Amino acid sequence: MEVLVAYGTVEGHTRKIASRVAERIESRGHQVVLVDLREPGFAVPGRFDAAILCGPIHIGRYPEPLVRFAHDFAPALNEKPSALITVSLGIASEHEDERREAQGFATQLCERTGWAPVMRHDAAGALKYVEYDFFKRWIMRRIARHE
């Protein structure tokens with residue numbers, strides 16, 4: 001089986017998750033093509049047996065390359081088994097309304113693009129304080145303190 005694992009990333013954490021997913025699939029004897037959706041190249045879902053798209057939520061939305069890819073290839077993605085992995089800090093929140101909001105992003109993406117993945121998974125995001133500029137670090141610390 002040949003599986004497409006495609007990801008959109010902002011800070012690199014989703015790339016790590018997608019790479020780990022690809023490693024697990026390969027360890028089960030399947031072939032995997034790992035693709036950054038900023039430059040998808042030949043990654044046309046119709047030529048694969050299955051597809052997994054991974055994307056983070058930043059400022060309430062997925063990266064545009066992921067949204068565009070899901071929209072453009074929705075018919076091909078819907079013909080074969082496919083899955084969506086959403087990476088979000090909100091999914092690990094102690095507040096039920098924030099977790100529910102984080103889970104709703106996948107539904108919104110599917111409605112917007114016409115893609116209907118067979119499986120969805122929510123993964124907790126990462127706080128990378130040392131990589132943030134002063135302003136972003138200040139905002140993220142305030143959010144983390146709230147949690």
- Task: Restricting things to alpha carbons, tell me how big segment 1-106 is in terms of Rg and Dmax, in Å.
- Result: 13.9, 41
- Determine, for each peptide in 39-52, 9-22, the mean count of other beta carbons within 10 angstrom over its residues, then list the peptides with the highest first. 9-22, 39-52
- Note on the structure: Between the residues C54, C110, F42, the Cα farthest towards the positive end of the dipole of segment 28-122, that dipole coming from +1 and -1 charges on the beta-carbon of Lys, Arg, Asp and Glu, is from F42
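Laboratory data are not the source of any read-out in this text; all were calculated from the coordinates shown. From a predicted model like this one, the values you see are computed outputs, not experimental measurements. Neighbour counts are summed over all protein chains in view; Cβ atoms, including those assigned to glycine, are modelled from backbone coordinates with ideal geometry.
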